[in-house]
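Only the coordinates and a few stated rules stand behind these numbers; no lab work does. The model shown is predicted, which means the values in this text are computed figures rather than measured ones. With ideal geometry, Cβ positions are generated from the backbone for all residues, glycine too; neighbour counts draw on all protein chains shown.
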Amino acid sequence: MGDRSTISRRSLFLAAGAATMAAPLVLNRAAALAQTESDATDMRVRPLETRSLKLGSFRILTVRDGMRASGAPNETFGTDQSADAVGALLKENFLPGDTFVNSFTPALVDTGAEVVLFDTGMGEGGRDAGMGRLVEGLKYAGYTPDQISVVVITHMHGDHIGGLMEGGKPAFPNARYVTGRTEYDFWVNPARMGTPAEQGHQGVLAKVQPLAEKLTFIEDGGEVVPGITGLNAFGHSPGHMIFRIESEGRAMMLTADTANHFVLSLQRPDWEVRFDMDKAQAAATRRKVFDMIATDRLAFIGYHMPFPAAGFVEKAGEGYRFVPVSYQFDL
C-alpha cells in the first residue's frame, strides 16, 4: 500500500440508506442453528435484496449476490487466536460463538453517463448453493447486463470474479473492464502453478483472461470514470484496491475486502484472517483505512458487511465499532 498521502484524510462524506432484516422467532438454540443453516442463509428461498441510494447526481445500488453460514469462526478470523477468544468476542456482540454468516454484496454506480459495476459475485459456479444472484438482482433494480458499461474488479478472488463469464461468454457484453496492474500480473503468472495460489490462478485464466482485449489497468490514484478514483490497499491480495466515489461535492468510499467481518475484522483489526494473502500488510491496511474513516466520520460500503453493506466506524478499544446505516437515503 502507498504512503499516508495515498489514502489521505480526504473530504469523503457518506450517509447511506438502511435495510431492515427481520429474523424469524426461534425458541431454542437448536432451532436457531437450523434456521441459520437453512432458510436464513439459503438465497434460493430468500427474496432478492437490493438497496438504492443517491450520491449527488449518482445512483448507488447494492445487490446481495448471496450469503453463507459457516462454523468454526476462528478457522477464518483470528486464525492466530484461540477458538475461545474468537467465540467470546462474537458473544460479546450478541452473536453465536460457534458460527458466522458472510454476505457477498457487489455495488453499482450509475453516473448518468456510465453504469459502473464493482465486482461480480460468485456467478454460475455459486448457484447450487443459492448464490450467484447478482444479474437477477440487477434486473430487479432495473438494469440489464448489456447496460453495464464498466466492470471494476477490486481484486481477483473467486467471489469477486465468478460472475464475469456466463456459459462461456461475457456476462456483461458491452462493458470494458478495469482493474489494477499489480493484481492482474500476480494472478496470470504461470509461476502460481504448484503453489497455494494455483486455484486462484486457474480461476483468473477462466474468468478474466478471456476478457483481456477489453481490460484496462489503473494505478494508485487512477481514474475509472469521472468521479471514481482507485487507491491501493494491498494485503488482502497483492493488488487489492479500494475506490473513492464523488459527485457534486458528496463522496463515499468503497472498501472491497479491506475488512471481511463487521465484528472480528473491525474490533480486532490486527487478528489474522485466513483469506488475507499478506496478513501483516492486510492488518496495516485495515488500520490505515479505518482509522481515516473513523477520524473523519466517513461512511463506507464493504463487500462483506451486513446488507446493505454500508455503515460507519468509530474508534473503540483496540479497534473500531461498526455502526450500520439507519434511515439515510441520500449519501
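What relative contact order, as a whole-number percentage, does the chain give when Cα pairs under 8 Å and 6 or more residues apart are counted? Mind showing how you got there, number by number?
On the way: 743 pairs, mean separation 77.2, N = 331.
Contact order relative to length: 23 percent.
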Rounded to the nearest Å, what's the spacing between the alpha carbon centres of segment 102-122 and segment 260-331? Just the number, please. 19 Å
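Sort largest first and round to whole Å: the equivalent ellipsoid semi-axes of segment 29-324, each the square root of five times a Cα gyration tensor eigenvalue.
On the way: eigenvalues 151, 93, 88 Å².
Output for segment 29-324: semi-axes of 27, 22, 21 Å.
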Report the chymotrypsin sites (Phe, Trp or Tyr not before Pro) located in segment 48-104 that are in a DSSP loop and have at most 13 other Cβ atoms inside 10 Å of their Cβ, or state none. Phe94
Out of the chymotrypsin sites (Phe, Trp or Tyr not before Pro) in segment 238-331, which ones are loop residues according to DSSP with at most 12 other C-beta atoms within 10 Å? Tyr327
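Roughly how big is the chain's charge dipole about its Cα centre, with Cβ charges of +1 (Lys, Arg) and -1 (Asp, Glu), in debye to the nearest 20? Don't skip to the end; give the middle numbers.
Details: 32 positive and 39 negative charges, 107 e Å.
With Lys and Arg at +1 and Asp and Glu at -1, about 520 debye.
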Against the globular-protein guess of 2.2 N^0.38 Å, express the Cα radius of gyration of segment 202-331 as a ratio, rounded to two decimals. 1.10
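Computed FRET efficiency, Cβ-Cβ of Asp185 and Val101, R0 45 Å: what is it to the nearest 0.05? Before the final figure, lay out each step's value.
On the way: r = 34 Å, r/R0 = 0.76.
According to the calculation, E is roughly 0.85.
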Kindly provide the helix-only [θ] at 222 nm of the chain, computed as the sum of -39,500 (n - 2.57) over DSSP H runs of four or more divided by all residues, to the nearest 500 deg cm²/dmol? -6000 deg cm²/dmol
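Would you please name the GluC sites (Glu not before Pro) within segment 233-286 that are DSSP coil residues with at most 10 other C-beta atoms within 10 Å of their C-beta? Display every interim value, and only then the final one.
Working: sites: Glu246, Glu248, Glu272; in loops: Glu248, Glu272.
Passing sites in segment 233-286 are Glu248.
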Reachable lysines from Lys214, criterion Cα separation under 17 angstrom, eight or more residues apart if same chain: Lys169
Once the dipole of segment 29-324 is set up from charges on Cβ (+1 Lys and Arg, -1 Asp and Glu), the residue from the list Leu117, Met277, Leu205 lying farthest towards its positive end is Leu117
